[in-house]
1. Kindly indicate whether Phe106 is of a type in the set (A, V, I, L, M, F, W, C) and outside the structural domain of Ala164 (by TED's automatic domain parsing).
2. Of the conditions (1) in contact with a strand residue (DSSP E or B) (Cβ under 9 Å, 6 or more places away or on another chain); (2) farther than 22 Å from Ala166 by Cβ, Ala133 satisfies every one except a single condition; which number is it?
3. Of all residues being in a loop (DSSP other than H, G, I, E, B) and out of contact with any helix residue (DSSP H, G or I) (no Cβ under 7 Å at 6 or more places or on another chain) in segment 151-185, which is surrounded by the most Cβ atoms within 10 Å (Cβ to Cβ)? Just the residue, please.
4. Considering only residues that are assigned to a helix (DSSP H, G or I) and more than 21 Å from Ala74 (Cβ to Cβ), look in segment 94-124 and name the one that is farthest from the chain's Cα centre (by Cα).
5. Being within 24 Å of the chain's Cα centre (by Cα) and either on the phi > 0 side of the Ramachandran plot or among the hydrophobic types (A, V, I, L, M, F, W, C) (or both) narrows it down to one of Leu145, Leu130, so name that one.
6. Could you tell me whether segment 76-93 includes any residue that is among the acidic types (Asp, Glu), part of a helix (DSSP H, G or I), within 30 Å of Asp184 (Cβ to Cβ) and at pLDDT 80 or above?
Amino acid sequence: MKKLSTRTRVVTGAVAVAAVGASVVGAVTASAETPNAAPATAVNSDVQNKNTFQSTHLSVAAATKAAQASLDAAAKAGQKVSVAVVDRNGNGIVELRGDGAGPQSFESAERKAYTAVSWNATTSELTKRLAQAPNLKDIPGTLFLGGGAPVQVKGAPIAGIGVAGAPSGDQDEQFARAGVEALDK
């Protein structure tokens, strides 16, 4: 019998290991494809509304309509503003930066909308509350300046509209209210 070189023995061994490995993988794959147990079924749970609740949300179309109405009211008054509409959780739905609006107005509008929906009140009303609770202004993400108005359904807030960029908070709030009113039409 002829003696094999070290190189030949290594190559032959590697091929044998590869062949054994392939057959093991094939066997495992075959057994994975052939289920022995019945397929899993979905588990149904009837919580009977004990652990859930429903909430009302403003649609994107309605938020866009409100934002555009606010922007239009500002343009009619000759003001360049930004408008933000946030949902009940303070997340942005629609944000419009009007032509020529200042760079600070975008973030201010968003924070006013968040503030209005968080407390279900206009931000001008909330600025009055600062006299009794001055620490309110320290809550992250809020801005206690006129220009934010909540959108309500049956008295509960479902969204907030914030406007910023006009010379006064009163004007900003007037434009935010125009957005809220547009939803009633």
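The values are calculated or read from the model by the stated rules, or taken from the named source; none is laboratory data. Not measured: the values here are computed from a predicted model. Backbone-built Cβ (ideal geometry, glycine too); neighbour counts: all protein chains shown.
1. On the way: of a type in the set (A, V, I, L, M, F, W, C): yes; outside the structural domain of Ala164 (by TED's automatic domain parsing): no.
No.
2. Only one criterion in (1) in contact with a strand residue (DSSP E or B) (Cβ under 9 Å, 6 or more places away or on another chain); (2) farther than 22 Å from Ala166 by Cβ is unmet by Ala133, namely (1).
3. So the first thing to find is which residues in segment 151-185 are in a loop (DSSP other than H, G, I, E, B), and the list is 154-155, 165-168, 183-185.
Subsequent filtering for residues that are out of contact with any helix residue (DSSP H, G or I) (no Cβ under 7 Å at 6 or more places or on another chain) retains 154-155, 167-168, 184-185.
Working: Lys154: 6, Gly155: 6, Pro167: 8, Ser168: 12, Asp184: 5, Lys185: 6.
Selected residue: Ser168.
4. The first filter runs over segment 94-124 and keeps only residues assigned to a helix (DSSP H, G or I), leaving 105-119, 123-124.
Now drop any that are not more than 21 Å from Ala74 (Cβ to Cβ), which leaves 118-119.
On the way: Ser118: 15, Trp119: 19 Å.
The qualifying residue farthest from the chain's Cα centre (by Cα) is Trp119.
5. Numbers: Leu130 fails: within 24 Å of the chain's Cα centre (by Cα).
The match here is Leu145.
6. Just the residues of segment 76-93 that are among the acidic types (Asp, Glu), to begin with: 87.
Restricting the remaining residues to those that are part of a helix (DSSP H, G or I) gives none.
Scanning segment 76-93 turns up no residue that is among the acidic types (Asp, Glu), part of a helix (DSSP H, G or I), within 30 Å of Asp184 (Cβ to Cβ) and at pLDDT 80 or above.
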